[in-house]
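Laboratory data are not the source of any read-out in this text; all were calculated from the coordinates shown. Remember, it's a predicted structure, so these values are computed and weren't measured experimentally. Using ideal geometry, Cβ is built from the backbone for each residue, glycine included, and neighbour counts are taken over all protein chains shown.
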Amino acid sequence: MISISTKRFLPTIFLLFSAGLFAQQKTLKGKVINAQNGEAMAFVPVYTVDSKGDKKSTTTDFDGFYEILYESKPDSLVVKFDEFLPKSIFLQEGFADELNLSITPIDPKKSKPKTKNIEGILIKRKKKYANPAWEILEKVVANKPKNNPDKLEFYSYENYSRMEISMSNFGKKLEKRKVFKDIRGIMDATKDVSGEDGKPVMPIFISENLSDYYFRKNPHNTAEFIKKTKVEGIGIEDGSMFSQLLTSTFIKYNFYQNYIRILGKDFLSPVNDNFKLLYDYDLVDRNVQIDNLGYYRINFKPKRESDLAFEGTMLIAHGDYALYRTDAKVMPSANLNFINNLRIQQEMNYLPDAESWFPAKTRVIVETAKPGKESVGIFLKYYSSAKDIEVNKPIEDSKFNKEMVVLDDASEKDEAFWNKSRHDSLTTAEKKMYGMIAQAKNLPSVRTYLDIIDLITNGYYKAGKVSFGPYLYTIGYNDYEGLRLRAGFRTNQDFSKKWILGGYLSYGFKDQDFKYGANVDYIFSREPWTQAGISYFHDLGQVAFMYEDYSMRRNNIFDSFTKNGKMRLRRPFWQDNYQAYFQTDVLKTLTEKITFKHFNFDPLFPFSFSEDGNAEIQNFKTTEIIAETIWRPGRRILQTRNNKQLNLKDNVYNPTVTFRYTRGIKGIFGSDFDYNKFSLNIQQIIPMGILGRGEYSLTGGIIPDKVPYPLLENHLGNSFLFYNKYAFNTMHFFEFVSNKYASMQYTQNLEGLLTNSIPLIKKLNWRNHVTFNYLIGELNPDFVQGMGSDHFVQRSLNNQPFMEVGYGISNIFRFVRIDFIHRLSHLETVTNHEPPPKFRMKFSVQIRL
């Protein structure tokens, strides 16, 4: 029998015995990284094996760290992960308790699957197979409204983000050039940046941000206050702009949405409402235990490899069927330009008080495809984490006065602040990146390459405070001027952050005349953006291009060709053009612009006009006041130190609406006419799932007052070889003119919907599109009188619509687009007109991911 005193000591003895057992336990920990680019490897299986063959397993966390508890000494540490070479390390006596590992991706060209020929297999299925993963995913979809963070009325958190961009895999020829020899010296001095036995990389950009983010659902508002930012990059002039681009305002991923927008593309979510049609699934494990909670592990891959979809794995919580971890990658077989690998990893946190899941950590890894053997591979890594998350607590209205605020001291260097405030610590290799970039920026060879890149992308060569260009207009040839040489300049932000000066001078060797122009602009305010300017130029104009242009992005190739070729067919005229304008953002989505314009029209072709049927004029002057309103819902404006406003659309699927009113006033500066013009344009992109995206532009206008035909709407034809989405590509210049009109231009981008299904074609990554253009208009018969019938040869649409339909292939060699266009109406030949083209083939250059 045990005495009472002995019983009293039993708990103590048990605790001491337990402590002795636990004292024998030791911890082996470390980090697993990708040997090729140094990225942290999340969710990777790691295990130890002892002499008896017993295993102790774990998986790395979101940041690539693992931790294994053991009592007896293990013999080896093993890492095995899909598409990576397995790695095993023999553990000798006295091994360190922290072991970092790098694993090397398997080269798909060198790995050949083992195959064996068999006679055949007969499979008999008694009943219809039901994928066990479907039942789980159906519950995930059913619980979306409850688990989706978008349901939250309010939330706020502190956001930390970091982005790194590096170069690697240089071709042998490139390595012989001086710039790469200089860079190689820096890389060799810091080989550990890429990790153990990995290829060295050269960082070209690294940034860190710490901000407070606020969200309100109704009315929808967001605000972000950037408290601290740190940017170091080669060729980066405005670090604050990049700081804003890398915040929660612009980089957010939500897998509960059917489509996830990345790099301007819409990717199918693995938990899309129509998941059965889009993905194949494999239920790998029904009870993955993490922190004593259970999860389903499901692997997924797209049914068609070339679709914009993901392959990967996800952990789904027992009970509420919420996404916990998602590891999703896009394979090189997807129809995506310039991207060899794209991966998104996300981990959610459960917030018990709100019974909600919220994205806590996100990592994005992008590897660019090398266009050729001698090109450079680019690696991009983005990491963000949320801390101090608060949900469904009302946020005061004053927080939303401004959408984004960069605090005055945000850019000040403060290493002590960063060491204290980072959500995670930097590795030794990550710390060295800052110094590597600083060294590379001072290399003369690197600066030369940056100048070349800037010239290609911006069209101007920067020389200190002045930039010269644009280079596309430097030399040209047309039938009136002959050889045309042009030199132009504009000042940049190094000259002034308020004043912008510009000008040009050109000379035609055939007409032996100088053309010239100058402009002065002044930026009153950057928030809201308010700008004014004046300009003057003495140059040739062309009636064919005096049309209402609503293009948001200029077609630079088409514009450069307007100065070349058969200018006489486009009816040139001399003009002295004076303009003054004032523009301001009334709201972030609403821009108002007032322009005062005066120019003289001195034609170089036969022209006459009689307003009252008596006196004819062969030239004229006009003075106009133009009021323009642009509404862009979803528009975001970056605060920038450059002299150009940078607009981004948070939701590219919102329409852009432009209203323009022009008032011509007779008598001011000798103006000859009184008239009014009204026009409206609506443009929008429409997502259509597997059908791609639709793009439309609707335009309507009316000119109620009699004016010479150059001031009417001369509908834009296109006799050039190059395609223009804002033109009617089977219409001659000056074929139709209207004073009332309405038009629609529509493009359906099918992406690879058709070509991805053709075995031999899908490897080319071609894409399909169809187009349809419609125009209806009329010309008041009274306007025709007095036009000078011998010279006015345009015809009216007479309310019979002009239509053309097209189809084509884009992404040929990643840049070329070919359109085949058929004209459907107005096919008859009219006196004094060229026979209408029934079919045309057009080429264009298009760079899209």
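Distance from the C-alpha centroid of region 89-108 to that of region 591-611: 76 Å, rounded to the whole angstrom. Ordering Trp631, Val770, Tyr547 by the projection of their Cα atoms onto the charge dipole of region 527-845, which places +1 on the Cβ of Lys and Arg and -1 on the Cβ of Asp and Glu, puts Val770 at the extreme positive end. Using a cutoff of 8 angstrom between alpha carbon atoms and counting only pairs six or more residues apart, the relative contact order for region 20-103 works out to 35 percent. Charge tally for Trp766 (other residues, Cβ to Cβ under 11 Å; Lys, Arg +1; Asp, Glu -1): +4.
Loop-located trypsin sites (Lys or Arg not before Pro) in region 692-788 (DSSP state not H, G, I, E or B) with no more than 14 neighbouring Cβ atoms inside 10 Å do not occur.
Take the Cβ atoms of Lys593 and Phe545, set R0 to 25 Å, and the FRET efficiency comes out at 0.80.
Our estimate of slack between Ala742 and Ile686, defined as 0.36 nm per intervening residue step minus the Cα-Cα distance, is 18.1 nm. Computed from the Kirkwood radius of its Cα pairs, the Stokes-Einstein diffusion coefficient for region 20-103 at 10 °C and 1.306 mPa s stands at 121 µm²/s. Between Lys666 and Asn349, full extension at 0.36 nm per residue minus the direct alpha carbon distance yields a gain of 107.3 nm.
Centre-to-centre, using Cα atoms only, region 749-790 and region 457-505 are separated by 33 Å. With both labels modelled 7 Å from their Cα along Cα-to-Cβ, the Lys838 to Asp320 distance reads 6.6 nm. For region 283-318, trypsin sites (Lys or Arg not before Pro) meeting the loop criterion (DSSP other than H, G, I, E, B) and having at most 13 other Cβ atoms within 10 Å: Lys303. Farthest towards the positive end of the charge dipole of region 20-103, among the residues Ser88, Ser72, Thr60, is the Cα of Ser72, using unit charges on the Cβ of Lys, Arg, Asp and Glu.
Relative contact order of region 527-845, please, whole-number percent, based on alpha carbon pairs below 8 angstrom and at least 6 residues apart. Walk me through the intermediate numbers first.
Values: 770 pairs, mean separation 40.3, N = 319.
Rounded, it is 13 percent for region 527-845.
The loop-placed chymotrypsin sites (Phe, Trp or Tyr not before Pro) in region 724-760, going by DSSP, include none that has at most 10 neighbouring Cβ atoms within 10 Å of its Cβ. Amide H contacts for Gln575 (H built 1.01 Å from N in the peptide plane; partners 5 or more residues away or on another chain; cut-off under 5 Å): Asp539, Gly541.
Counting neighbouring beta carbons within 10 Å and listing from fewest to most, the residues Met803, Met41 come out as Met803, Met41. For Phe417 and Asp280, the FRET efficiency from 1/(1 + (r/R0)^6), where r spans their Cβ atoms and R0 equals 35 Å, is about 0.15.
Determine the shape class of region 527-845: with a ≥ b ≥ c the square roots of the Cα gyration tensor eigenvalues, call it rounded for a/c under 1.5, and otherwise prolate if a/b is greater than b/c, oblate otherwise. Judged from the Cα gyration tensor, region 527-845 comes out oblate (a/c at least 1.5, b/c at or above a/b). Each Lys and Arg contributes +1 and each Asp and Glu -1, all at the Cβ; summed about the Cα centre of region 527-845, the dipole is approximately 1640 debye.
Nearest 20 debye, what's the magnitude of the dipole of region 20-103 about its Cα centre given +1 on Lys and Arg Cβ and -1 on Asp and Glu Cβ?
The calculated dipole for region 20-103 is roughly 180 debye.
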